[in-house]
Amino acid sequence: MKKFLLTTLVFSLFVSVQASDDILDQKKYLKSALGVSDLPMHKYLIIKDDIEDGIYEILKDSYHTPVIKYWKVGDKVAFILEAIGKHEFITTGYLVENNKISDAKVITYRENYGYEVKYDYFINQIKGNSLKTSNKLSKKLANISGATMSVNSMRKLSKLSLFLYTKI
């Protein structure tokens, strides 16, 4: 029984430290992307009606939360978005300005494989993208062998960030 309690305690401490690191990484990304030293208060996009329809068209599924947080400074809007890679969530940050993605980052990658999507050579393909009228990205994202589902998730999140920008 003591081993079980000790294991549970150690595991819960690990999870809480990991979660707090994730929040710190999100704040660090947001400050850097928005070019501010003090993060502005976030706002919410409520997922309903035409926003819900647009999200479903992009993701081919509903978003996992009923609201999406965003941070706005001038024309810059930053989003923290998540999607399932193969089994786990990929937490990403997107900065959209004038209907183009000006910055993107994988904040937390939880899968055991496909982690190449967090490297600059992949992320740089996302920057500068905009949405065509057919809900396609203006520039294609190259696939990564062994990371197809993660690449597809990043593609969908890129489209989602651009779509959400038009709704603010």
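General observations
- Scanning segment 157-168 for residues that are of a type in the set (D, E, K, R) and not in a helix (DSSP H, G or I) turns up just one, Lys167.
- Test: residue in segment 117-126 that is farther than 22 Å from Tyr63 by Cα, among the charged types (D, E, K, R) and touching a residue at least 12 places away in the same chain (Cβ under 8 Å): no
- Here the strands (runs of 3 or more DSSP E) wholly within segment 55-114 that include at least 1 residues being of a type in the set (Lys, Arg) are 67-73, 76-84, 100-109.
- Scanning segment 12-32 for residues that are at pLDDT 95 or above and among the aliphatic types (A, V, I, L, M) turns up just one, Leu30.
- Of all the criteria given as (1) in a helix (DSSP H, G or I); (2) buried (at least 17 other Cβ atoms within 10 Å of the Cβ), the one not satisfied by Asn129 is (1).
Each row is one residue, and each column tells you yes or no for (1) among the small types (Gly, Ala, Ser); (2) free of Cβ contacts under 8 Å to residues at least 60 places away in the same chain.
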{"position": "Ile47", "(1), (2)": "no, yes"}
{"position": "Asp53", "(1), (2)": "no, yes"}
{"position": "Ile58", "(1), (2)": "no, no"}
{"position": "Asp61", "(1), (2)": "no, yes"}
{"position": "Thr65", "(1), (2)": "no, yes"}
{"position": "Tyr70", "(1), (2)": "no, no"}
{"position": "Val73", "(1), (2)": "no, yes"}
{"position": "Ala78", "(1), (2)": "yes, yes"}
{"position": "His87", "(1), (2)": "no, yes"}
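- Selection status of Lys140, basic (Lys, Arg) and in a loop (DSSP other than H, G, I, E, B): yes
- Met154 being at pLDDT below 95, more than 18 Å from Thr65 (Cβ to Cβ) and either in contact with an Asp or Glu (Cβ under 6 Å, 6 or more places away or on another chain) or assigned to a helix (DSSP H, G or I) (or both): no
The values are calculated or read from the model by the stated rules, or taken from the named source; none is laboratory data. These numbers come from a predicted model, not from an experiment. Glycine gets a Cβ as well: all are built from the backbone with ideal geometry, and neighbour counts include every protein chain shown.
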